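Structure first, then comments.
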Amino acid sequence: MLKLENVKKTYISKIGLNQYEALKGISFTVNDGEFVSIMGPSGSGKTTLLNMLGTIDSVTSGTILVDQDDITKMKKKDLANYRREKIGFIFQDFNLLNTLTLKENIMLPILLGSGNKKVDMKKVDKIAKDLGIFKIMDKYPYEVSGGERQRTAAARAIITNPKIVLADEPTGNLDSKSSKELLEMLTFLNQEYGITIVMVTHDIYAASYSNRVLFIRDGKLFNELVKNDDRKEFFDQIIDFEATIGGGHE
Ligand SMILES: Nc1ncnc2c1ncn2[C@@H]1O[C@H](COP(=O)(O)OP(=O)(O)O)[C@@H](O)[C@H]1O
Ligand SMILES: [Mg+2]
């Protein structure tokens with residue numbers, strides 16, 4: 001379980017003259033096994049929020065509980081362990097290393113980790129098969145399509161058996177066919193691997209794959225919509241909601 005309580009983030013410029021309150025007190029809970037998306041206009045604090053969850057950046061105040069642990073109070077060493085063991089990241093621009101093959105990119109989190117660096121190749125193969133990239137694993141990122149690159153990034157995100165995958169606009173650089181494939185993969189990882197997914201997106205179609213949408217505006221939680229069952233119905237529900245608030249997306 002992931003529980004945020006009154007999370008605030010103020011960015012202060014280097015010389016300390018300017019302050020900007022990017023998150024103004026956000027509270028919500030994500031249960032284990034949920035697939036949640038976070039929507040909101042550009043600049044509303046979506047990436048900031050995800051970076052707080054991933055401990056890429058620190059909160060100004062508030063608490064973030066992951067199971068029993070408050071990650072905002074963790075020491076450096078515990079934080080590194082938390083990031084490595086519990087979290088997988090997927091970014092809009094894939095963040096793969098071009099000098100490594102897809103297979104090497106997938107193995108990287110294990111090779112960079114402390115402790116046992118032995119890679120379970122059976123597991124790498126299984127994940128690659130599940131994500132439909134098994135046949136191209138010896139290619140380099142620049143030799144494959146954007147969709148294949150993002151599925152490689154998804155494989156890299158889950159190789160360490162994380163509890164939570166954080167995805168920031170994962171379909172932002174994909175065409176509609178590749179987006180659909182990636183969203184189906186994320187749904188598969190959520191349902192078959194039991195991974196909790198928190199996805200930031202401004203794409204209604206992408207959001208309709210999740211089970212719940214949290215809307216943020218100006219650094220505050222604004223509303224939430226919960227999916228009944230049907231994706232298309234949920235898609236319409238999100239469109240209707242955004243229409244009532246005056247087109248909230250980018
Ligand atoms: N490192 C930073 N320093 C100062 N301001 C920042 C920084 N990162 C983000 N911001 C500001 O915080 C606000 C929220 O940004 P962000 O979380 O990236 O929004 P979103 O992902 O919803 O587009 C924006 O106004 C942005 O300019
Ligand atoms: Mg962003």
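Of the residues examined, Gln191 is one that is within 27 Å of Asn95 (Cβ to Cβ), free of Cβ contacts under 8 Å to residues at least 60 places away in the same chain, out of contact with any Pro (no Cβ under 8 Å at 6 or more places or on another chain) and part of a helix (DSSP H, G or I).
Could we say that Asp125 is modelled with pLDDT of 95 or more, surrounded by fewer than 19 Cβ atoms within 10 Å (Cβ to Cβ) and touching a Lys or Arg at 6+ places or on another chain (Cβ under 7 Å) here? Judged against the criteria, Asp125 is not a match.
Go through the residues of the stretch 174-181 one by one and say whether even a single one is more than 16 Å from ligand 1 (Cβ to nearest atom) and not in a helix (DSSP H, G or I). Outline the logic, then answer.
Our first condition is that a residue be more than 16 Å from ligand 1 (Cβ to nearest atom); within the stretch 174-181, this holds for 174-181.
Narrowing further to those that are not in a helix (DSSP H, G or I): 174-175.
Yes, the stretch 174-181 contains a residue that is more than 16 Å from ligand 1 (Cβ to nearest atom) and not in a helix (DSSP H, G or I).
Just name the residue that is farthest from Asp229 (Cα to Cα) out of those in the stretch 27-53 that are touching a Lys or Arg at 6+ places or on another chain (Cβ under 7 Å) and more than 8 Å from ligand 1 (Cβ to nearest atom). Filtering first and then ranking leaves Met52.
Do we find a residue being within 16 Å of ligand 1 (Cβ to nearest atom), modelled with pLDDT of 95 or more, crowded, with 17+ Cβ neighbours inside 10 Å and in a strand (DSSP E or B) anywhere in the stretch 58-79? Yes: the stretch 58-79 contains one or more residues that are within 16 Å of ligand 1 (Cβ to nearest atom), modelled with pLDDT of 95 or more, crowded, with 17+ Cβ neighbours inside 10 Å and in a strand (DSSP E or B).
Residue-by-condition table, conditions (1) within 16 Å of ligand 2 (Cβ to nearest atom); (2) not in a strand (DSSP E or B):
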position	(1), (2)
Tyr20	yes, no
Ser27	no, no
Ile38	yes, no
Thr48	yes, yes
Asn51	yes, yes
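Screening the stretch 204-231 for residues that are assigned to a loop (DSSP other than H, G, I, E, B) and without any contact (Cβ under 8 Å) to a residue 24 or more places away in the chain and picking the one that is surrounded by the most Cβ atoms within 10 Å (Cβ to Cβ) gives Lys227.
The values are calculated or read from the model by the stated rules, or taken from the named source; none is laboratory data. Every value quoted in this text rests on a predicted model; they were computed, and no experiment measured them. Neighbour counts are summed over all protein chains in view; Cβ atoms, including those assigned to glycine, are modelled from backbone coordinates with ideal geometry.
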